[in-house]
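The values are calculated or read from the model by the stated rules, or taken from the named source; none is laboratory data. Treat the numbers as computed from the prediction; the structure is a model and nothing was measured. Cβ: placed from backbone, ideal geometry, glycine included. Neighbour counts: every protein chain shown. Note: accessible area is taken over every heavy atom of the protein model, side chains too, but ligands, DNA and RNA are not part of it. Shrake-Rupley method; radii C 1.70, N 1.55, O 1.52, S 1.80 Å.
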Amino acid sequence: MQLLGPRAYTAPAVNKIFLMLSLIAVAGLSHADLRSEITAARRKVERAALAKDIKGAEAAYKSCVTPDFKYVQDGKAQDFKTFLGNFTASIAMTEKVASSSSRIVSLKQTGNKATGVIEQKMTGTMKGQDKKIHTMDWTGLFTEEYRKVGGKWKTATMIAGKQKFLMDGKPAQM
């Protein structure tokens, strides 16, 4: 049984199919490049947080943000220096970081720009106002905008979304 006639696979048709498949593959590689760069940058920050390595966390973040990076929480924008100070202070407040992780929930790329939703989690122990050690569990969702700068994907904007903070398994204020 012959499904297509003998002329169905002419050289121009095969070239068009090959070109379309090549473009799809290149687009996929570009998206994979974005995903892998974001994941690698996050892993560096996570390893530093686990080790309570403030300088390492600073260096990891500095290497993966744009010069005009801004962090937005509750409608208020912060520059990189303020964001980094708050982030490293949160690590310093913990007695022990038991886990630090992130995952890409969604990612959309258009040329040299992209948008993603990232879920971050951190668990550990910290000293409360009562001077006792408490367990803490934090989860946050962030909408992030990325730009390709010097051939590398960098975070330009990080907007804090829904966050949950538990102290000894009960909801608490951060």
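The table for this structure:
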item: Filtered residue count, the stretch 90-122, keeping only those that are among the small types (Gly, Ala, Ser) and farther than 14 Å from residue 138 by Cβ; result: 5
item: All strands (runs of 3 or more DSSP E) inside the stretch 21-133 with 2 or more residues being open to solvent by 50 Å² or more (accessible area, probe 1.4 Å) and among the aliphatic types (A, V, I, L, M); result: 94-110
item: Sole residue being in a strand (DSSP E or B), in contact (Cβ under 8 Å) with a residue 12 or more places away in the chain and open to solvent by less than 40 Å² (accessible area, probe 1.4 Å), chosen from 138, 153; result: 153
item: So residue 164, is it in a strand (DSSP E or B), in contact with a Phe, Trp or Tyr (Cβ under 8 Å, 6 or more places away or on another chain) and among the charged types (D, E, K, R); result: yes
